[in-house]
Amino acid sequence: MNHYMPTRLITGRDCVKKSPEELKRIGDSVLVVTGRNGARACGALGDVEEALKSNGQKWVLYDKIGQNPKLEDCMEAAKLAIEWAVDGVVGIGGGSPLDAAKCIAVLAANPGMTKEQLYGLMWKNSPLKIAAVGTTAGTGSEVTKVSVITTDGRKKSFHHDALYPLLSFGDAGYTMTLPEQFTRSTAVDAMAHCVESYFSKAADGLSRNFAVSGICILLEVFKKMQQSGGADMACEAMSYQDREKCYEASIYGGLAINKTGTCFPHTMGYLLTEDYGIPHGTACAVFLPEFYAYNRRVASGLSEKFLEDIHVGEEEFIGLIKAITSECKVAISEEKIAKAHGRWENNNSIRKCQGEMTADEADDILRRIFPRFLS
Ligand SMILES: [Zn+2]
């Protein structure tokens with residue numbers, strides 16, 4: 001085995017308020033990075049500002065990170081970080097602000113860096129110190145060395161050991177105000193991380209244990225949601241305890257993909273997010289039933305072991321994922337499938353799938369899931 005995860009992770013109700021001094025480790029002055037509203041609305045930004053104030057730290061706020069963070073926005077935020085000569089970056093949010101915070105930490109430490117240097121890991125200086133405050137239960141970015149940033153309309157990732165947050169806080173209370181759509185899409189994102197990681201060729205015993213732990217927790221919550229009148233109603237009524245379970249599962253997902261990366265549901269999900277605006281988690285989870293079927297075909301022993309590990313039958317497993325994943329109303333034309341074909345060739349995440357998955361198989365998966373325009 002070969003695992004590395006150096007982040008100090010603190011979770012629990014009011015964890016920022018209870019351990020404000022931990023933020024001192026990020027430096028005397030910090031850039032706080034958030035989305036437009038969520039971090040303030042859920043109380044996380046207020047808690048972090050209060051903590052920074054009590055520690056005597058200076059801070060400047062950049063609150064313009066959108067969904068699927070853009071490189072231009074990270075560059076703008078990095079300029080602010082350089083201008084204020086900050087020591088570290090505190091990202092507050094779901095995957096978008098957290099991934100952006102990692103990117104900004106690299107850009108701010110390397111003024112004038114080009115896009116090629118950023119994605120090519122040609123960094124002269126180490127990134128600034130990073131802290132992550134999670135406000136959704138999906139990404140797992142709090143415990144990973146990965147940042148996914150959109151450039152020229154495409155989601156592109158880079159990973160490096162120096163991108164691990166020094167410190168992460170996870171208070172499930174911040175997820176209480178998440179709208180239904182995001183509660184569902186982030187929950188199925190966490191599920192996708194765990195399932196993809198389990199079946200990855202790069203998985204080992206430890207990463208599979210993380211994945212199974214996350215899946216079992218999520219299945220229990222999904223069952224409860226289904227029994228209480230369907231996902232839409234259940235999200236509104238979701239208790240703190242269940243949200244805490246989802247948060248814990250998202251961390252297991254992060255720890256699992258930290259070792260393995262993701263497989264074809266994520267790679268193919270990017271297409272749905274980039275071209276059709278489907279939220280990240282939904283875009284990936286819509287491929288999970290096909291992903292399971294693919295693994296049953298090419299790795300039957302492993303998929304049998306998988307069902308044993310998660311203590312749920314195949315039908316129930318797929319049924320629960322479908323019940324919680326929001327509908328994905330997309331029609332993909334043959335022209336679109338042909339245009340995307342090149343993306344599946346020599347792709348790292350596709351190479352990590354069991355067997356030898358081909359780009360033609362990816363095309364067929366798109367054909368099976370999405371109704372086509374008749375041309
Ligand atoms: Zn994801």
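Give me the residue from the stretch 252-267 that is within 12 Å of the ligand (Cβ to nearest atom) and of a type in the set (A, V, I, L, M) and, out of that set, surrounded by the most Cβ atoms within 10 Å (Cβ to Cβ). Write out each step before concluding.
Residues of the stretch 252-267 within 12 Å of the ligand (Cβ to nearest atom): 253-254, 256-257, 261-263, 265-267.
Of the ones still in play, those that are also of a type in the set (A, V, I, L, M) are 256-257.
Numbers: Ala256: 33, Ile257: 28.
The qualifying residue surrounded by the most Cβ atoms within 10 Å (Cβ to Cβ) is Ala256.
Is one or more of the residues making up the stretch 226-249 open to solvent by 60 Å² or more (accessible area, probe 1.4 Å) and within 16 Å of the ligand (Cβ to nearest atom)?
No.
Test each condition in (1) within 13 Å of the ligand (Cβ to nearest atom); (2) part of a helix (DSSP H, G or I); (3) buried (at least 22 other Cβ atoms within 10 Å of the Cβ) for Thr273 and report the one that comes out false.
Of everything listed in (1) within 13 Å of the ligand (Cβ to nearest atom); (2) part of a helix (DSSP H, G or I); (3) buried (at least 22 other Cβ atoms within 10 Å of the Cβ), Thr273 misses just condition (3).
Please verify whether the stretch 280-289 includes one or more residues that are open to solvent by 10 Å² or more (accessible area, probe 1.4 Å) and within 16 Å of the ligand (Cβ to nearest atom).
Narrowing the stretch 280-289 to residues open to solvent by 10 Å² or more (accessible area, probe 1.4 Å): 280, 286, 289.
Now drop any that are not within 16 Å of the ligand (Cβ to nearest atom), which leaves 280, 286.
Within the stretch 280-289 (the criterion being open to solvent by 10 Å² or more (accessible area, probe 1.4 Å) and within 16 Å of the ligand (Cβ to nearest atom)), the answer is yes, since at least one residue qualifies.
Identify, by number, the condition in (1) surrounded by 13 or more Cβ atoms within 10 Å (Cβ to Cβ); (2) closer than 25 Å to Ser213 by Cβ that Glu315 doesn't meet.
Unmet for Glu315, out of (1) surrounded by 13 or more Cβ atoms within 10 Å (Cβ to Cβ); (2) closer than 25 Å to Ser213 by Cβ: (1).
Just name the residue that is nearest to the ligand (Cβ to nearest atom) out of those in the stretch 162-192 that are open to solvent by less than 10 Å² (accessible area, probe 1.4 Å) and more than 13 Å from Tyr247 (Cβ to Cβ).
Ala192
Quick test of your reading of the structure: Ala187 fulfils all but one of (1) assigned by TED's automatic domain parsing to the domain that holds Arg343; (2) touching a Cys at 6+ places or on another chain (Cβ under 8 Å); (3) without any contact (Cβ under 8 Å) to a residue 60 or more places away in the chain. Name the failing condition by number.
In the conditions (1) assigned by TED's automatic domain parsing to the domain that holds Arg343; (2) touching a Cys at 6+ places or on another chain (Cβ under 8 Å); (3) without any contact (Cβ under 8 Å) to a residue 60 or more places away in the chain, Ala187 misses (3) alone.
What are the pairs, 6+ residues apart or on separate chains, where a residue within the stretch 320-344 that is within 16 Å of His280 (Cβ to Cβ) and in contact (Cβ under 8 Å) with a residue 60 or more places away in the chain has its Cβ under 8 Å from a residue that is in a loop (DSSP other than H, G, I, E, B) and of a type outside the set (Gly, Ala, Ser)?
Thr325/Val286; Ser326/Pro279
Return a yes/no flag: does the stretch 120-137 have any residue that is open to solvent by less than 40 Å² (accessible area, probe 1.4 Å), polar (S, T, N, Q), within 15 Å of the ligand (Cβ to nearest atom) and within 13 Å of the chain's Cα centre (by Cα).
yes
Under 6 Å between Cβ atoms, which residue pairs at least 6 apart in sequence (or on different chains) link something in the stretch 259-274 that is of a type in the set (A, V, I, L, M) with a partner that is open to solvent by less than 10 Å² (accessible area, probe 1.4 Å)?
Between residues of the stretch 259-274 that are of a type in the set (A, V, I, L, M) and residues that are open to solvent by less than 10 Å² (accessible area, probe 1.4 Å), the close pairs are Met268/Phe287; Leu271/Ala340; Leu272/Ala283.
Starting from residues that are in a loop (DSSP other than H, G, I, E, B) and polar (S, T, N, Q), keep the ones in the stretch 138-161 and report whichever is nearest to the ligand (Cβ to nearest atom).
Quick first cut of the stretch 138-161, residues in a loop (DSSP other than H, G, I, E, B) only: 138-140, 144-145, 152-153, 160.
Subsequent filtering for residues that are polar (S, T, N, Q) retains 139, 144.
Details: Thr139: 6, Thr144: 10 Å.
Only one residue fits best here, namely Thr139.
What strands (runs of 3 or more DSSP E), lying completely within the stretch 1-79, carry at least 2 residues that are over 21 Å from Ile251 (Cβ atoms) and either among the β-branched types (Val, Ile, Thr) or open to solvent by less than 10 Å² (accessible area, probe 1.4 Å) (or both)? Don't jump to the end; show me each part of the working.
Numbers: elements: 8-11, 29-35, 58-65.
Filter on the stretch 1-79 gives 29-35, 58-65.
The values are calculated or read from the model by the stated rules, or taken from the named source; none is laboratory data. It should be emphasised that the depicted structure is a prediction, and the values quoted were computed from it without experimental measurement. Positions of Cβ are generated from backbone atoms using ideal geometry, with glycine treated the same way; all protein chains shown enter the neighbour counts. Heavy atoms of the whole protein, side chains included, go into the accessibility calculation; ligands, DNA and RNA do not. Shrake-Rupley method; radii C 1.70, N 1.55, O 1.52, S 1.80 Å.
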